Amino acid sequence: MNWWTNSDKAAIEKSKPVITMLTDKIAAFPCDIDPRVKAKEQHLLAVGQAFVEVELEKDRMSAVVAKHEEEHPPHQIECPICLEDVKVISQYSVQYFVCCGKSICWTCAQSRGGMEMKTCPMCRAPKITVYNERVVKRLKKGAARGIASQQTMLGGYYLGLLSSPDRVATNVKEGVRLMQLAAEQGEPSALTQLAYFHQLGLHGLEQSNEIVNEMMTTAAYAGFCKAQCSLAFSYSAKEDYAMAVKYATLACRSTSHDTIHPAQLLGKLFYLGVGGLEKNLYLARFYLEVSEKCSSGNMTNHLILAKTLLELSEKNYGTRHPPAGYSSIPRVLYLLSKSIDRDEDTSIAQELIKELEIQNKCANCGREAESMPTKKLKQCAVCEAVSYCSRECQVKHWKDGHKSDCVKKYRPLDGLARILPPGLSLENAENANLIGPDGKLINMKDLIQHINLDV
């Protein structure tokens, strides 16, 4: 979805008569119609309704963005190649070049090969791929000339926020000073990073919510999505849902969220129907699923997504247990188990699991477990959400649609993986850094090796 584009009015108009036709068709079905036939039409109707809701949501988002940018003109640069004004809403809006300190828009960078570029398109110097002492010297020259982007980058290396094959020697005092110089020029990424330091009281900076809010707001006014995302969750925690909706909407323009995606907050707010939003299960599902795919494991609303899917099933099919091919039960059980593992709301999730785990009758023919010689049914080996009286019933149910419903049962993390932050695994954690209790950065590779040695 292009978050800041207007809706496709023509597509919406074409969808309306189809939705009306399906609604009338479903209403005219006799009571004894095959449930699978009815479910198929109900599914098509739900897809059409969801499409319209998502398209109309684009108009709401565009209006919020337009109003914000009218009140607070965004931080932008002119791309020297296409001569277009580029809004710097994330670190991926432009590509900076260490050699000359200049930058071009991300679109122009990608058209020239992106990360595979051999030379800088501005000064023709060989593109730097290994960050070493020679690069630091160039960054120092740019920082001394007052180039905010290079001050921010060099400060990031000194503070250990940016990793490189040849590690730059840590210099916290100089790193903070450079970040402050960049922030004084209104560099959004520097403002956001300093706000995090003030929030935690790191590197000798005053721990102050007032300073944090001021810096985050300045960066958010400049259009920086990471700051807008932080403010959205902050306002939500204070139950100021109107402001949470505003900043979560603005932050969703960027898909490059390396922590928690703001879409999960919008999904939650649409599910609750607060902050000026009407409850909308289609949009709640849409945003929560965007977050589930984009947040690198940091999704924290698995329970709300599970409840959304159950309510949508009741809304679209009139039951939580529609025919095979349209059931969300296996996925819901997966989400509920994951929410328990993540300590989201254990008691509610456990209650829902008890309600949904119906293992006393065959999912295909309905035969009761009590009528079986062993008094037991065999579970689906993958999802463990449905049971069968025989292999023949299992094969038929699989072909009827369970093949598309089936979701592998969630297995809780264990061992070393249990202590890793969400989104990190033993395979991708080596280049990550954590902030230790003393405020110093800890490299995950070193931590893993240390733990393995102790074990």
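Tabulated data for the structure shown
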read-out: Among residues of the range 368-389, those that are among the hydroxyl-bearing types (Ser, Thr, Tyr) and either at pLDDT 95 or above or open to solvent by less than 40 Å² (accessible area, probe 1.4 Å) (or both), counted; value: 2
read-out: Verdict on Asp400 being open to solvent by less than 30 Å² (accessible area, probe 1.4 Å) and touching a Gly at 6+ places or on another chain (Cβ under 7 Å); value: no
read-out: All positions within the range 72-93 that are touching a residue at least 40 places away in the same chain (Cβ under 8 Å) and more than 26 Å from the chain's Cα centre (by Cα); value: Pro80, Ile81
read-out: Residue match in the range 25-37 (condition: open to solvent by less than 60 Å² (accessible area, probe 1.4 Å), assigned to a helix (DSSP H, G or I) and in contact (Cβ under 8 Å) with a residue 40 or more places away in the chain); value: no
read-out: Test result for Tyr282, open to solvent by less than 30 Å² (accessible area, probe 1.4 Å) and either modelled with pLDDT of 95 or more or not hydrophobic (A, V, I, L, M, F, W, C) (or both); value: yes
read-out: Members of the range 209-225 found to be β-branched (Val, Ile, Thr) and open to solvent by 40 Å² or more (accessible area, probe 1.4 Å), listed by number; value: Ile211, Thr218
read-out: Any hit, the range 307-319, residues being part of a loop (DSSP other than H, G, I, E, B), more than 16 Å from the chain's Cα centre (by Cα) and surrounded by fewer than 19 Cβ atoms within 10 Å (Cβ to Cβ); value: yes
read-out: Condition met for Cys82 (surrounded by fewer than 16 Cβ atoms within 10 Å (Cβ to Cβ), farther than 30 Å from Thr192 by Cβ and among the hydrophobic types (A, V, I, L, M, F, W, C)); value: no
read-out: Output for the range 143-160, where each listed residue is in a helix (DSSP H, G or I) and in contact (Cβ under 8 Å) with a residue 40 or more places away in the chain; value: Ala148, Ser149, Gln150, Thr152, Met153
read-out: Checking Lys140 against (1) assigned to a helix (DSSP H, G or I); (2) modelled with pLDDT under 80; (3) open to solvent by 20 Å² or more (accessible area, probe 1.4 Å), the condition it does not meet; value: (2)
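The values are calculated or read from the model by the stated rules, or taken from the named source; none is laboratory data. Source: prediction; values computed, not measured. Reconstructed Cβ throughout: ideal geometry from the backbone, glycine too, with neighbour counts over all protein chains shown. To get the accessible areas, we keep the full protein, side chains included, count just its heavy atoms, and leave off ligands, DNA and RNA. Shrake-Rupley method; radii C 1.70, N 1.55, O 1.52, S 1.80 Å.
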